[in-house]
Amino acid sequence: MAFDAMAQTEEDRLIAAYAAGDPVAARALTARLAPRIYAHAMRMLGGDSAEAEDVTQDAMLRLWHAAESWEPGAAKASTWLFRVTSNLCIDRLRKRRGGPALDDVPEPVSDAPSAVAALQSRARTDALQDALMRLPDRQRQAVILRHIEGLSNPEIAQIMDIGPRAVESLTARGKRALEALLAGRRAELGYEDDD
Amino acid sequence: MPVGAPNWGMRTMTDPKHDTQRPGSGTGGLDALLAEARATPPEPARDLLARIEADGAAVQAERRNRDAVRSQPPWWRGMLEALGGAPSLAGLAAASVAGLWIGIAPPEAAASWLSGDELSSAGLGFDPLSGYDLAVWE
């Protein structure tokens, strides 16, 4: 059995157990799905943890309510959740155009020697996040799902409700735009020092 | 490739000028940056996970309560039990049928009794227009 099919079977089993009232299933589903959803929401929302938490909780609440009428084998719970989460994030982004910029988030300061490397790593992560936030919503969504969450094109097509060719086009354009946005920041982010 | 072997002018992965895995250097650099992001996902707070679990438990409890209400017997079943259950219903039905039958086709004895021959005040043993009753009406 393929890994995806195994994952779907396990998710279906857990959802059925949850719907039957098993409290352990709720914990297992939370541990399995919520961190991925939270990470996706964080990236989609530009690192706003409070909003990402709200979105994650809302998406999982929708899963709890959907569990009763869940059809095994119809859709992967994680794919379904990514779709719900992406839509919730895009709704929020549309509502809050002009929110706090990533540059306004204070950087943690530490005196430890390893802090330099940690700061450079953090700076790279922030630079990527900053560049991602400059992409149009759909391009950002496609790039995150494909290149950070590691989902397949057919899965992304399901999540975004578009065809696989449109996914390829969005991810390709998104990557090109990211390259252009990050091209001038090598020295600033310490790439030369890391190599 | 062995050291010193000719590479026919082809680019190699270790050629620093064409090292596409360095962050920020072309597509490979971006791929490395994306891989770094993939390897270090933002972690949710334990408090968030606890809230999500609590939501899950609350929805389960809500469903249990709803199912319990659905499985409760209907109101008329309680009344039936108070009357003595299904056997009493059979008795009640038999009495109703008998009453209906007597009403439609009364037996001879009952017909004469109901016609009034037997239904006199003396027969009944009381006078409906006694002085006491008239006093009460006034």
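The values are calculated or read from the model by the stated rules, or taken from the named source; none is laboratory data. For clarity, every value in this text was computed on a predicted model and none was experimentally measured. Virtual Cβ from ideal backbone geometry, glycine too; neighbours counted across all protein chains shown. The area values use the complete protein model at the heavy-atom level, side chains included, leaving out ligands, DNA and RNA. Shrake-Rupley method; radii C 1.70, N 1.55, O 1.52, S 1.80 Å.
What the table shows:
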{"item": "Derived scalar couplings ³J(HN,Hα) [the stretch B:49-61; Karplus, 6.51 cos²θ - 1.76 cosθ + 1.60; whole Hz; x for Gly, Pro]", "result": "4, 5, 5, 5, 4, 5, 4, x, 5, 5, 5, 4, 5"}
{"item": "For residues of A:12-23, the mean tally of beta carbons on other chains within 10 Å", "result": "2"}
{"item": "Interface size B-A, as summed buried accessible area [1.4 Å probe, Å², nearest 100]", "result": "3200"}
{"item": "Shielding by other protein chains, B:58-67, mean Cβ within 10 Å", "result": "4"}
